[in-house]
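Asks: Attaching a single structure in structure tokens format; questions to follow.
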Amino acid sequence: MEVCYQLPVLPLDRPVPKHVLSRRGAISFSSSSALFGCPNPRQLSQRRGAISYDSSDQTALYIRMLGDVRVRSRAGFESERRGSHPYVDFRILHSHSEIEISLSARNIRRLLSFQRYLRSSRFFRGVAAQNSLYLDDDYNGQAKCMLEKVGNWNFDIFLFDRLTNGNSLVTLTFHLLSHNGLIDHFHLDMVKLRRFLVMVQEDYHSQNPYHNAVHAADVTQAMYCYLKEPKLAKSLTPWDVLLGLIAAATHDLDHPGVNQSFLIKTNHYLATLYKNTSVLENHHWRSAVGLLRESGLFAHMTLEERQHMESQLGSIILATDISRQNEYLSQFRTHLDRGDLCLENAGHRHFILQMALKCADICNPCRTWELSKQWSEKVTEEFFYQGDVERKCDLEISPLCDRNTSNIANIQIGFITYLVEPLFVEWARFSNTRLSQTMLGHVGLNKASWKGMLQERSSSEEADPAFDD
């Protein structure tokens, strides 16, 4: 049986061992200017993930990628060397059969696209394919048509992801940055931008039913819809728009598919690193900063501008912590009651970006029923996977995660009632537009649909006492 190793915390004045530096994703929080105290920091900085942070970070060593921290067994569960709680391999959290089915379906889609490409004359004219992810003209044409309507609220991100061969986040975010003139305005290197977006997409876990790159693309599209609302469009600066789109694209970066309470009760190293406070959100932010620095996307900016971007990016992503929902909502209500929100004020604009991302992050019930239902099924599936892991490890099963006592309708009704409706009612007070009213309308219809499903379920159980879920 393989052993899981707990990576030691190293003093700031000691170099990191060479075997650690060879791992993908090693990131230093050392206050020294040289990465990890390495005698040749330039070589090290070229390796993915080698990032030096400021002295305000108090941890000597941090490994961004979950897959690089420990050696794991095939079973996916091993005891830590310290502590009695099990360590869970998030990469094989889900059953092998389901992963194989998913991979098989994805490969079939890619094969069909490639076969259509082969039937085009380009290949037979002797012109080699320049990109292994090449999409045929039919797929490209449909994707481009969808991008022309990317600001519509009924945008189908699932269809767009299929048309882009699983590259919805890269394609959509690049288009939005280009379409809004941000690439030219900030003199962004298009190669570096592509590299950054590809790395972002890759660092989402495709095996997560919900917290994956498609969710990030969906949130980014929703964020764009909010940013182009009249009250915001006339007030936000290019800096605000760039910040908002990048925050949306990276807001769940490297999400492990389990919630914060799970990480805390299993003594996960991330919970220790961030002292059980906004664990996931801090990790998403730090991961995003790591990719920004690694790609060199903003290397041409001044140090002050880069630090300002990273800091603001963090405060926006940290606002998505659902445990702080009431804190932000109360502040939002207070501003609206007083009528003192002034979007000429940079601090107020930043607060609205925080609220906009919070709305985009949980806007699934505000979509049409066809889209909302798909998202509800995916997030419930992810909840239940966590519950299955907790049951297998003899841990207390987290709320909403027990498939034996919870169901999708009840989960969604509670989610809408206590989180979604209060937030979007206040957003509609702030931005009383057709979009805000449309979203509230969908929320009401979707909630009624879930209640109808509950009533049907209840009627079925009463009609058949032997009914077994």
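The values are calculated or read from the model by the stated rules, or taken from the named source; none is laboratory data. Please read these numbers as outputs of a predicted model, since none were measured by experiment. Here the Cβ is made from the backbone with ideal geometry for all residues, glycine too, and neighbour counts use every protein chain on show. Note: accessible area is taken over every heavy atom of the protein model, side chains too, but ligands, DNA and RNA are not part of it. Shrake-Rupley method; radii C 1.70, N 1.55, O 1.52, S 1.80 Å.
Asks: With the cut-off at 31 Å, tell me which of the pairs Lys192/Lys373; Lys265/Lys378; Lys231/Lys451; Lys144/Lys228; Lys275/Lys373; Lys275/Lys447 have Cα atoms farther apart than that.
Replies: Violating the 31 Å Cα-Cα cut-off are Lys192/Lys373; Lys231/Lys451; Lys275/Lys373; Lys275/Lys447.
Asks: Quick one: accessible area per residue over the range 367-416, 1.4 Å probe, rounded to a whole number of Å²?
Replies: Per-residue value: 46 Å².
Asks: Would you calculate the volume per residue, in Å³, of the smallest convex hull containing every Cα atom of the range 252-301?
Replies: In the range 252-301, the Cα hull volume divided by residue count equals 77 Å³.
Asks: Here is a follow-up. Just to confirm a number: summing +1 for Lys and Arg and -1 for Asp and Glu over residues other than Cys401 whose beta-carbon lies under 13 angstrom from that of Cys401, what do you get?
Replies: -2
Asks: Largest first, what is the accessible-area ranking of Ser287, Ser178, Ser323 with a 1.4 Å probe?
Replies: So, going from the largest accessible area down, we get Ser323, Ser178, Ser287.
Asks: With θ set to phi - 60°, apply the Karplus curve 6.51 cos²θ - 1.76 cosθ + 1.60 along the range 353-359 and write out the HN-Hα couplings as whole Hz, x wherever there is a Gly or Pro.
Replies: Per residue, the Karplus-derived 3J(HN,Hα) values read 4, 4, 5, 5, 5, 4, 5 Hz.
Asks: For the range 180-274, count the residues as N, evaluate 2.2 N^0.38 Å, and divide the Cα radius of gyration by that value, please.
Replies: 1.30
Asks: Tell me, what HN-Hα J-couplings in whole Hz come from the Karplus equation 6.51 cos²θ - 1.76 cosθ + 1.60 at θ = phi - 60° for each residue of the range 295-311, using x for Gly and Pro?
Replies: 6, x, 4, 10, 5, 7, 7, 6, 4, 5, 5, 5, 5, 5, 4, 5, 5
Asks: Divide the volume of the convex hull of the Cα atoms of the range 399-445 by its number of residues and quote the answer in cubic angstrom per residue.
Replies: It is 66 Å³ per residue.
Asks: Provide Lys234, Lys447 ordered by accessible surface of protein heavy atoms (probe 1.4 Å), highest first.
Replies: My answer, sorted largest first, is Lys234, Lys447.
Asks: Give, in whole angstrom and from largest to smallest, the semi-axes √(5λ) of the equivalent ellipsoid of the range 223-263, with λ running over the eigenvalues of the Cα gyration tensor.
Replies: The three semi-axes for the range 223-263 are 29, 10, 7 Å.
Asks: Quick check: convex hull of the Cα atoms in the range 211-328, volume per residue, rounded to a whole Å³?
Replies: So the per-residue Cα hull volume is 121 Å³.
Asks: So for Trp450, Trp369, Trp153, what's the accessible-area order with a 1.4 Å probe, most first?
Replies: The ordering from most to least exposed comes out as Trp369, Trp153, Trp450.
Asks: Could you tally the net charge around Leu371, taking each other residue with its Cβ under 13 Å from the Cβ of Leu371, Lys/Arg +1 and Asp/Glu -1?
Replies: -2
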